[in-house]
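The values are calculated or read from the model by the stated rules, or taken from the named source; none is laboratory data. All figures in this text were calculated on a predicted structure; none of them were measured in a lab. Methodologically, a virtual Cβ is constructed for each residue, glycine included, from the backbone with ideal geometry; neighbour enumeration extends over all protein chains shown.
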Amino acid sequence: MFRYITLILLTFFLTTFASPSYAEKTNSPMIHVYVDALPVEFDVNPIIQNGRTLVPFRKLAETLDVQVEWDHQTRSIYAKGKETEVKLVIGNPVAFIHGVEVPLEAPPIIEGGRTLIPLRFFSEAFQADVKWDHATREIHIISPKKEMKVLGYYALKSWESLFGAPHPHTRIGNTDLISDLAVGWYSLDESGNLLHKDPVTMWAKPDQWEDLLQQAENYSLNKEMTVLLPDTDQRAYRILSSEENMTRAIYQLLEEAKLFDGINLDIEGLGRSSEGVEEIKNQFSLFVRKLSEEMKKQNLTLTLTLHAPNSAFKGYDYNALSQYADRIVIMAYGYSKKGEPEPIHKVIEAVKMAKNSAPEGKFFLGLDMNSENEQTLLAKLGVAKQYQLEGIALWRLGLIQPAEWEVLKKHITK
């Protein structure tokens with residue numbers, strides 16, 4: 001009996017504790033995975049087998065924008081990206097890319113009720129770059145360049161930043177990345193009259209404005225007239241509280257918009273106080289609806305640049321506004337002190353709230369380039385990629401440093 005028990009215990013220790021994968025799972029520090037500088041939260045911890053990291057396949061695929069299907073009968077995973085198709089089978093040390101066999105150093109397994117796949121093979125099959133940091137036990141994945149629209153706000157000496165040469169000269173510059181140009185020299189007075197110079201910001205229509213519009217046309221840039229009302233006075237409230245003022249504003253905006261492809265409406269500061277917030281929210285939605293209806297008659301697009309839903313300004317009904325606007329820029333900034341990078345958790349929260357309140361919204365992630373740098377920019381681009389946003393909006397041209405342009409062009413394309 002004693003020998004029988006001893007044999008059982010010996011077998012248990014040899015088959016369990018001597019297993020390399022078991023040792024990795026129980027004794028080694030946690031492996032952390034990042035995609036585009038954003039941490040990936042798995043419901044089953046990554047493990048190492050045969051020197052290869054295995055992770056739950058659905059979460060990894062989701063962060064890389066890869067469509068996956070699980071075939072229970074054949075215990076197979078089918079993954080499809082923009083240009084790549086991959087098949088993996090549980091326990092099979094051979095994968096298939098477009099039907100061609102590829103040997104694996106570690107086959108897919110089922111662990112804790114989840115299907116785990118080799119991280120490096122899967123990521124690199126879909127053109128991602130993978131780096132392993134042994135000291136920190138961190139895996140950093142850089143997703144492939146993604147096509148998305150890039151809106152650049154043009155104001156205050158932005159010519160050279162856009163065209164790569166001083167006025168009136170032009171080169172390709174950064175027009176190979178910018179798809180949409182929002183020129184920022186318009187405003188409204190409290191009666192709804194269109195202004196070509198704002199009395200608060202002092203931004204004015206530049207002498208070379210016609211050159212800019214012509215060159216934007218030459219470089220096939222979509223042109224928007226940005227109408228900015230800052231949150232430092234009560235002009236927006238006075239316009240929205242009067243039907244006559246709203247009508248006047250809409251008429252004058254439409255007249256000037258004949259020079260452009262659309263209007264970018266940036267009315268800031270609504271709903272700072274909780275008093276009357278529902279009324280101002282409804283009035284702004286009404287104004288946007290009326291403006292949108294008239295713009296559609298002229299085949300013009302309407303972009304709304306809005307405070308983020310998790311900001312201090314609650315005067316924006318994202319659900320209603322998304323029904324009237326062609327695009328919404330989420331100004332996911334202003335959370336930190338001026339000049340400091342925006343906290344990524346607040347940016348993600350803003351995007352989630354916007355998408356939850358307006359599922360059909362065509363969202364752009366607004367970035368204050370006065371606050372970001374080449375290190376923090378990657379994570380912000382990762383948010384735009386992983387949350388399937390239509391594009392990003394750069395505030396503003398003229399503030400973006402050469403190293404930041406390099407990051408932008410490395411990770412996105414128009």
- Task: Output the number of residues of the stretch 363-414 satisfying the condition of being touching a Ser or Thr at 6+ places or on another chain (Cβ under 7 Å) and charged (D, E, K, R).
- Result: 3
- Yes/no for ASP233 being in a loop (DSSP other than H, G, I, E, B), acidic (Asp, Glu) and modelled with pLDDT under 95: yes
- Determine which member of the set THR53, THR74 is over 18 Å from ASP129 (Cβ atoms) and either in the same structural domain as GLY113 (by TED's automatic domain parsing) or assigned to a loop (DSSP other than H, G, I, E, B) (or both). THR74
- Item | Considering residues of the stretch 188-204 that are touching a Lys or Arg at 6+ places or on another chain (Cβ under 8 Å) and closer than 12 Å to VAL227 by Cα only, the residue modelled with the lowest pLDDT | TRP203
- Message: Give me the residue from the stretch 114-167 that is closer than 17 Å to LYS409 by Cα and among the polar types (S, T, N, Q) and, out of that set, surrounded by the fewest Cβ atoms within 10 Å (Cβ to Cβ).
- Response: GLN127
- Note on the structure: Subset of the stretch 273-319, residues out of contact with any strand residue (DSSP E or B) (no Cβ under 6 Å at 6 or more places or on another chain), small (Gly, Ala, Ser) and crowded, with 16+ Cβ neighbours inside 10 Å, comes to SER285, SER311, GLY315
- Test VAL33 against the criterion of being within 19 Å of LEU389 (Cα to Cα), in contact (Cβ under 8 Å) with a residue 40 or more places away in the chain and surrounded by 17 or more Cβ atoms within 10 Å (Cβ to Cβ), and give yes or no. no
- Task: Please work out which residue is surrounded by the most Cβ atoms within 10 Å (Cβ to Cβ), limiting yourself to the stretch 371-389 and to residues that are of a type in the set (Ser, Thr, Tyr) and part of a loop (DSSP other than H, G, I, E, B).
- Result: SER371
- Item | Residue, farthest from the chain's Cα centre (by Cα), within the stretch 49-78, restricted to residues that are aliphatic (A, V, I, L, M) and either farther than 16 Å from LEU104 by Cα or at pLDDT below 95 (or both) | VAL68
- Message: Can you pull out every residue in the stretch 112-152 that is within 23 Å of the chain's Cα centre (by Cα) and small (Gly, Ala, Ser)?
- Response: SER123, ALA128, SER143, GLY152
- Message: I'm told TRP132 meets every condition in (1) out of contact with any strand residue (DSSP E or B) (no Cβ under 6 Å at 6 or more places or on another chain); (2) over 16 Å from ASP266 (Cβ atoms); (3) of a type in the set (Phe, Trp, Tyr) except one. Can you identify the failing condition by its number?
- Response: (1)
- For the stretch 303-315 the number of residues that are touching a Phe, Trp or Tyr at 6+ places or on another chain (Cβ under 7 Å) and more than 15 Å from PRO230 (Cα to Cα) is 1
- Query: Within the stretch 131-150, is there a residue that is among the polar types (S, T, N, Q), over 22 Å from VAL68 (Cα atoms) and in the same structural domain as TRP395 (by TED's automatic domain parsing)?
  - Reply: no
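Looking only at the stretch 336-370, how many residues end up being assigned to a loop (DSSP other than H, G, I, E, B), surrounded by fewer than 20 Cβ atoms within 10 Å (Cβ to Cβ) and either assigned by TED's automatic domain parsing to the domain that holds GLN67 or touching a residue at least 12 places away in the same chain (Cβ under 8 Å) (or both)?
8
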- Residue check, VAL329 against (1) under 17 Å from the mean Cα position of the chain (by Cα); (2) assigned to a helix (DSSP H, G or I), all met but one. Which one? (2)
- Item | strands (runs of 3 or more DSSP E) (entirely within the stretch 99-188) containing at least 2 residues that are among the β-branched types (Val, Ile, Thr) | 100-103, 109-111, 114-118, 138-142
- Query: Among the residues of the stretch 90-108 satisfying the criterion of being among the aliphatic types (A, V, I, L, M) and within 33 Å of the chain's Cα centre (by Cα), which is surrounded by the most Cβ atoms within 10 Å (Cβ to Cβ)?
  - Reply: ALA95
